[in-house]
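A short write-up of the structure that comes next.
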């Protein structure tokens, strides 16, 4: 049997839906999320992106051919040279200074997910790490598409419209589809036993992403 990324999602369907339709996401779409919750999320996402870059650096080391090496290198450059710069600028718009980011304590939810991804890559191979990263890279693109399909989503005068725009952009959607294609190619040749191992990684990473959203909703207790 040839597996695909859709098979991973279907194996974790309930958890995947709980992730992409989390209340944090819904409130982003309706514009009703507390600003403090979004600021807390933005700050932790800055730390997440730094570890995301580390994961791509590990992917460079794990690459066994030039195609995978170039893909990982391009991902690392995109995060360090583009995404982090844009994220810092976006944080400034929300009243979060460079000084705030530099002295930011790492939330346990951030630590749990980022270290899980790095551990998956260290103890496994390149496919293990890509599967662990997929809920972030693919999930955010799907979330933007889901929000755009919902009648309850507000775009005009929504303070979070710019966030939705990032992940609905052609650049991000293209990166999402490229990642799915990469995963489909690798998953097509795995055994049933190997697929079940990857399902476990994907499920754990999805649950950790749910915790990341919940972290934002619980910002008051976490920022004390």
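Scanning the range 101-114 for residues that are surrounded by 14 or more Cβ atoms within 10 Å (Cβ to Cβ) and out of contact with any helix residue (DSSP H, G or I) (no Cβ under 7 Å at 6 or more places or on another chain) returns a single hit, 111.
Within the range 127-137, one or more residues are over 15 Å from the mean Cα position of the chain (by Cα), over 21 Å from residue 24 (Cα atoms) and surrounded by 14 or more Cβ atoms within 10 Å (Cβ to Cβ). Look at the range 128-147: where a residue is in contact (Cβ under 8 Å) with a residue 40 or more places away in the chain and a partner is surrounded by fewer than 22 Cβ atoms within 10 Å (Cβ to Cβ) and not in a helix (DSSP H, G or I), sitting 6+ places away or on another chain with Cβ atoms under 6 Å, you get 147/153. Kindly evaluate residue 79 against the criterion of being touching a helix residue (DSSP H, G or I) at 6+ places or on another chain (Cβ under 7 Å) and buried (at least 19 other Cβ atoms within 10 Å of the Cβ). So residue 79 fits the description; yes. Restricting attention to the range 49-60, does a residue exist that is without any contact (Cβ under 8 Å) to a residue 60 or more places away in the chain and over 15 Å from the mean Cα position of the chain (by Cα)? Yes, some residue in the range 49-60 is without any contact (Cβ under 8 Å) to a residue 60 or more places away in the chain and over 15 Å from the mean Cα position of the chain (by Cα). The residue that is farthest from the chain's Cα centre (by Cα), among those in the range 186-210 that are buried (at least 21 other Cβ atoms within 10 Å of the Cβ) and more than 17 Å from residue 123 (Cα to Cα), is 187. Checked against (1) touching a residue at least 12 places away in the same chain (Cβ under 8 Å); (2) surrounded by 15 or more Cβ atoms within 10 Å (Cβ to Cβ), residue 64 passes all but condition (2). Taken over the range 185-209, the residue count meeting the criterion of being farther than 24 Å from residue 18 by Cβ and in a helix (DSSP H, G or I) is 5.
Every number here is computed from the coordinates shown, using simple stated rules; none is lab data. Keep in mind it's a predicted model, so treat the numbers as computed, not measured. Using ideal geometry, Cβ is built from the backbone for each residue, glycine included, and neighbour counts are taken over all protein chains shown.
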